[in-house]
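Computed from the coordinates by the stated procedures, all read-outs in this text should not be read as laboratory data. Remember, predicted model here, so these are calculated numbers, not experimental data. Cβ coordinates were reconstructed from backbone atoms using ideal geometry, including for glycine residues, and neighbour counts include every protein chain displayed.
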Amino acid sequence: MSYVVETIFLLLGVLSLYVSTVELEFWSGITPGGGFIPALTGAFLIIVALMGLIDKHKFRVHFKPTLSMFLPPLFILAALGVSYLVGMLPAIALMVFSWLKWVEKYSISRSTKITLILILFTYAIFRVWLRVLFPMGLLDRIF
């Protein structure tokens, strides 16, 4: 049986736990340090990997990869690539619209409405309220 995904999760979890506890500050005074969230993430990855290993061993799951299971990471990678050109918000908008239109088979108007609402909420929360600057991409340097 193939345990590739579980092994990768387990190794990433151990690496994240190691880096967060040895190289980063886990706790600083009365507040969590920079290694706190990576430690939680590493522990979570280890737990998920172990659960997957136990589940596969117990039930002898046979895994057949299909194209549809690779669509989410492909869309995310495409959005990351596009974000270097046009910026983060337009790339996310394009990714969400594309997903809703071609994968979920929504109409153009419904895809547009949902995408606009998502982008407006994202902009309001991160840019207006939290004052986080979004990466603008290469187009910002040109114009």
* **In nm, spacing of pseudo-spin labels at Arg127 and Leu71 (7 Å Cα→C-beta vector)** => 2.9 nm
* To do: Report, ordered by chain and residue number, the aspartates and glutamates lying within cross-link reach of Lys64, taken as a straight Cα distance under 18 Å and ignoring same-chain residues fewer than 8 apart.
  => Glu6, Asp55
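Among Ile46, Ile37, rank each residue by its count of other Cβ atoms within 10 Å, from fewest to most, as a rough exposure measure.
Values: Ile46 18, Ile37 13.
Lowest to highest Cβ neighbour count: Ile37, Ile46.
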* Structure fact -> A correct Karplus calculation of ³J(HN,Hα) over the range 76-89, with 6.51 cos²θ - 1.76 cosθ + 1.60, θ = phi - 60°, whole Hz and x for Gly and Pro, returns 5, 4, 5, 5, 5, x, 5, 5, 5, 8, 10, x, 5, 5
* For Leu118 paired with Val14, estimate the spin-label separation in nm (one decimal), with each label point 7 Å from Cα along the Cα-to-Cβ line. => 3.6 nm
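Taking trypsin sites (Lys or Arg not before Pro) as candidate sites, keep only those in a DSSP loop with at most 16 other Cβ atoms within 10 Å, then name the longest stretch of the chain containing none of them.
Values: sites that count: Arg60, Lys105, Arg131.
Answer from the scan: 1-59.
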* To do: Would you please state which residues of the range 1-20 a label at Met51 would reach in this model, taking the label point 7 Å out along Cα→Cβ and a backbone N cut-off of under 15 Å?
  => 6, 9-10
